[in-house]
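What follows is a single structure, written as structure tokens, with notes after it.
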Amino acid sequence: MKKIIISSDFETVKVDLNNQKRHFIFIIGLMFEIKNKIKYKVFKLNKINKKNIIKEEEKLIKEYINFLLNINKIYSLNKKTKLYIYFHNLGGFDGIFISNYISKNLEEFYKKKSKIIIRNSRIYKIKINNITFLDSFHIIPMSLNNISNIILKEKKIDFKKINEITIKEINNEIYNKEINNYLYKDVELLYKIINKIFIIINNKFNIELYNHTTISSLAFKIFNDKYNKKDICWNNDFNTYNYIKEAYHGGITNVFKPIGENIYGYDINSLYPSVMKDQYMPVGEPVWEKKPKNIDINKFFGFIRLKIKINQNQYIPPIITKNKNKLILFTGEKIITIFSEELLFALKEKRCEIIEIYSAVKFEKKKIFTEYVDDIYSLRIKSKTKAENLLYKLLLNSLYGRFGMKLDFLHTLILSQKELNILEDNKIKIKSYITNEFNDYVMINIESNENTLSRFIKNDEIDKIIRTPLKKISKIKIAIQISAAITSYSRIKLLKNIYNIGENNIYYCDTDSIFTDKKIDDSLISNELGYFKMEYEKSKCIFLSPKTYIIKNEKEEIKFKGLPLEEKKKLNWNWFKNIYNKINKKKETSFKLNIPIKKNIKDLIISYIENKKYSIYWNFDKREKIFKNNKWIDTKPINLKKK
């Protein structure tokens, strides 16, 4: 079927409207190819003010969407031609404006069979008739500037003013030219990137990229089509899924010592792919043990629920658990669910003991990813362009998460009152409503979770109303046991290296990286999968909390999760040292930073905070801090005392 790939972008202006500080779209750009010619189209507002900004923005979006809906007629194309429009941040920005416009025109978009898919507070897809809005960030999760630099050896136009543009400046012809140039370059860069990725995926794997909203779903498609030997048990029942889910955790990210000099930083090359290639995975049908207390841990392969005791006299314990919604390495006693190989590793290290086993689910074991990892890694090594190299790297690192995909994500639908009544009569849980002024139509959010799926999996009437057939969702291939095993093996590999280095020499770790005051043997360093590579040598470091630290040698490198780049640039070694010196055991430490953009998926608006400082209270509680003369010098694991 004929298709058109389009890149698009919105630029916004900040407006303080009746004490509500919001972003409004003032210009839209899009690029596409028609009959072998590249077209660039712009929609923009002229002569706007605070009084008319809301109505003018609605007119602008309406003109944009109507153009897309009528593009086949405008350019004399096949009526069945489908449009795939990519934004680089549809999920967290541009898509919210489109969804807001849809919510104000429910009857119109009801007839166009519109739907929105939201997961983890991000919009993944918006569909209106024959047009589909997608997010390229979910394919390549990097800034557009970084991708352009890697793939195209080009950069965005450096126009810092774009983030502070005012209504007065929009109406100024001098700024208009700069804005137009900036927007054109952004749209052009994205268009080039998307088309490069399309060509690579189609040529190498004969797959159409637009059928996949994320890089993990693309990797899964490649694996399932060519490498899956039908060993995996898909779609475990909800009881088994929820049981194994308790053992599915991410990597170990923790501060052990907050400050140090002559520190070495190492990364493990492609940690997840390396364990996928080398380790046995849980395959076949799950079998619940009838007498779990009698199982032989050395021979058992699967998942176990038990009470465990972690020995107290150790600096970095071997097992991770959730405590107050945070993942910690703990000592003491706790009831947990764990992958058998992780338990066996801790037992062999003589760092824990089993108090009582409550239940266990057994699997067969087999190496199922070796061929996939070898082939994709080989393609990466042989890649001739940076675009190919980046894509193959992402395909290697993104596959594992797809097996543990969450069942709960939101479907945003427009329904008639009659359809809404049917759902409510069948006790379908609806998370939120947006109604129009006449209440003839309603926009609702339905969560596809265990409760919802079980209610309508056999109800054709409800299935017809939902339109995104949730029966189809119930058949999505999920195998959480695979993801749980991969992340477990990755923690084992990291901890083995930590114990070999010496746990008291470790300052910080983050999933696949280690910072230590001890140089690792050269025999362990290589560009091959699973080996170390040195990232930093003899550096000064301050680690304030997980994913918030500074490394200083010839240059300063800062990590600060969640902080916008412009704010991060304002920080330096002295700022980190000042915060570190303020940390004491008497009270929490606070500091102030600007957070410029705030999205609101529920109300479908993008607001902003201007010249306002947030007090962020420092409460690092994944380990207990150790103080000397009221100075934070070290940490120790949290002890979960017997209850």
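Within the accessible surface of the range 317-361, defined with a 1.4 Å probe on protein heavy atoms only, the carbon and sulfur portion equals 46 percent.
Note that the range 333-345 has calculated 3J(HN,Hα) couplings of 10, 7, 8, 9, 10, 9, 6, 4, 5, 6, 5, 4, 4 Hz, one per residue in order, obtained from phi through the Karplus relation 6.51 cos²θ - 1.76 cosθ + 1.60 (θ = phi - 60°); glycine and proline are x. Using the Cβ of residue 3 as centre and a radius below 9 Å, the other residues enclosed give a net charge of +1, where K and R count +1 and D and E count -1.
State the extension gain, in nm to one decimal, for the chain segment bounded by residue 33 and residue 503, taking 0.36 nm per residue of separation less the distance between their alpha-carbons.
On the way: separation 470, 0.36 × 470 = 169.20 nm, distance 5.73 nm.
Residue separation times 0.36 nm, minus the Cα-Cα distance, leaves 163.5 nm.
Expressed in units of 2.2 N^0.38 Å, where N is the residue count, the Cα radius of gyration of the chain is 1.04. Taking amide H atoms as placed 1.01 Å from N in the peptide plane, the amide H of residue 21 lies under 5 Å from those of 608, each 5 or more residues away in sequence or on another chain.
Other residues with beta-carbon under 11 Å from the beta-carbon of residue 391 carry, at +1 per Lys or Arg and -1 per Asp or Glu, a net charge of +4. About its Cα centre, the chain has a charge dipole of approximately 560 debye under the convention of +1 per Lys or Arg Cβ and -1 per Asp or Glu Cβ, with nothing else charged. Placing R0 at 56 angstrom, the Cβ-Cβ distance between residue 143 and residue 296 gives a FRET efficiency of 0.65 after rounding to 0.05. The relative contact order of the chain, computed from alpha carbon pairs under 8 Å that lie at least 6 residues apart in sequence, is 17 percent. Other residues whose C-beta falls under 12 angstrom from the C-beta of residue 84 contribute a net charge of +3, scoring Lys and Arg +1 and Asp and Glu -1. Shown in residue order for the range 545-553 are the 3J(HN,Hα) couplings computed by the Karplus curve 6.51 cos²θ - 1.76 cosθ + 1.60 at θ = phi - 60°: 6, x, 6, 9, 7, 10, 10, 10, 9 Hz (x for Gly and Pro). In order along the range 144-155, the Karplus-derived 3J(HN,Hα) couplings, from 6.51 cos²θ - 1.76 cosθ + 1.60 at θ = phi - 60°, round to 4, 5, 5, 4, 4, 5, 6, 7, 9, 6, 10, 10 Hz, and Gly and Pro are given as x.
Given a Förster distance of 22 Å, report the FRET efficiency between residue 416 and residue 129 from their Cβ-Cβ distance, rounded to the nearest 0.05.
0.80
When the Cα positions of 42, 532, 227 are compared along the charge dipole of the chain, 42 comes out farthest toward the positive end, with charges on each C-beta of Lys, Arg, Asp and Glu. At a probe radius of 1.4 angstrom, the accessible area of the range 337-428 per residue rounds to 45 square angstrom. Distance between the C-alpha centres of the range 36-89 and the range 234-280: 44 Å, rounded to the whole angstrom. Summed over qualifying helices (DSSP H, 4 residues or more, each -39500 (n - 2.57)) and divided by its residue number, the chain shows a 222 nm mean residue ellipticity of -9500 deg cm²/dmol. Potential lengthening of the chain between residue 230 and residue 633 amounts to 139.8 nm, from the contour at 0.36 nm per residue minus the alpha-carbon distance. The spread of Cα positions in the range 158-295, taken along each principal axis and listed from longest to shortest, comes to 80, 51, 32 Å.
The values are calculated or read from the model by the stated rules, or taken from the named source; none is laboratory data. Computed from a prediction, not measured in an experiment: that's the story for all the values here. All Cβ positions, glycine included, derive from the backbone under ideal geometry; neighbour counts span all protein chains shown. Areas reflect the complete protein model, heavy atoms only, side chains present, ligands, DNA and RNA absent. Shrake-Rupley method; radii C 1.70, N 1.55, O 1.52, S 1.80 Å.
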